[in-house]
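To keep things clear, I will list the structure first and then write my remarks on it.
The values are calculated or read from the model by the stated rules, or taken from the named source; none is laboratory data. As the structure is a computational prediction, the values presented were derived from the model and not from experiment. All Cβ positions, glycine included, derive from the backbone under ideal geometry; neighbour counts span all protein chains shown.
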Amino acid sequence: MTWALLLLTAVAPTVLLAAVWSLIPSAEERPRWRVALAERLERAAARLRRERPVPEDPFQTLRVQQRLGVVAAHVRRLEDDDRMFARAERIIASQLAYDQLLAEACRMAGVEVLPAAKGDPAERFREEVELAERGWSW
């Protein structure tokens, strides 16, 4: 009995000191249990964290809507003028600018922009309809 008591009083402080010592950070490689615990806590925190979408600036949205209207009116003017020099190149350039503005508007409104060839009229029409459904007008 006395041997057990002597052994317990000699070993218990050593085990306690070793446990406390392992909690103190060192320059050496971290223990596996600490790394595993940190990874599990990070996964739990990621599940609890919610990504909140940042609302778009209404003035930026208004600016894009206004620019869409200006570029669309410019394309219509180009299409109506039969005597303009280099008309086709101007129409193509204006439509590409219009497509870029549409892509920016879709990003703001949360509409998916599908990969398509530059100047694809079907994709342009789809984006215009999606934006109109979400209340955009230009």
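Take the conditions of a type in the set (Lys, Arg), closer than 18 Å to Trp136 by Cβ and either in the same structural domain as Val113 (by TED's automatic domain parsing) or surrounded by 10 or more Cβ atoms within 10 Å (Cβ to Cβ) (or both) and apply them to Arg77. Does it pass? Taking the combined requirement at face value, the residue does not satisfy it. For Ala88, the requirement of being free of Cβ contacts under 8 Å to residues at least 24 places away in the same chain, assigned to a helix (DSSP H, G or I) and of a type in the set (Gly, Ala, Ser) is met.
Pick from Glu104, Glu79, Glu42, Glu89: which is under 30 Å from Leu23 (Cβ atoms), at pLDDT 90 or above and among the charged types (D, E, K, R)?
Sole residue among the options that is under 30 Å from Leu23 (Cβ atoms), at pLDDT 90 or above and among the charged types (D, E, K, R): Glu42.
Looking only at the stretch 58-73, filter to residues that are more than 16 Å from Gly119 (Cα to Cα) and touching a helix residue (DSSP H, G or I) at 6+ places or on another chain (Cβ under 9 Å); which one of those is surrounded by the fewest Cβ atoms within 10 Å (Cβ to Cβ)? Filtering first and then ranking leaves Gln60. Of the residues making up the stretch 30-37, at least one is of a type outside the set (A, V, I, L, M), loosely packed, with under 10 Cβ neighbours inside 10 Å and over 27 Å from Ala132 (Cα atoms).
Restricted to the stretch 99-138, and to residues there that are among the acidic types (Asp, Glu) and not in a loop (DSSP other than H, G, I, E, B), the residue that is surrounded by the most Cβ atoms within 10 Å (Cβ to Cβ) is Glu127.
Residues that are under 24 Å from the mean Cα position of the chain (by Cα), β-branched (Val, Ile, Thr) and not in a helix (DSSP H, G or I) do not occur anywhere in the stretch 59-73. Restricting the first member to the stretch 111-125 and to residues that are modelled with pLDDT under 90, and the second to residues that are among the polar types (S, T, N, Q), the beta-carbon pairs closer than 6 Å and six or more apart or on different chains are Gly119/Gln95. The condition (being small (Gly, Ala, Ser) and touching a helix residue (DSSP H, G or I) at 6+ places or on another chain (Cβ under 8 Å)) is satisfied by just one residue among Ala122, Ala93, Ala97, Ala86: Ala97.
Please verify whether Arg90 is charged (D, E, K, R) and touching a Phe, Trp or Tyr at 6+ places or on another chain (Cβ under 9 Å), treating the condition exactly as stated.
No, not satisfied.
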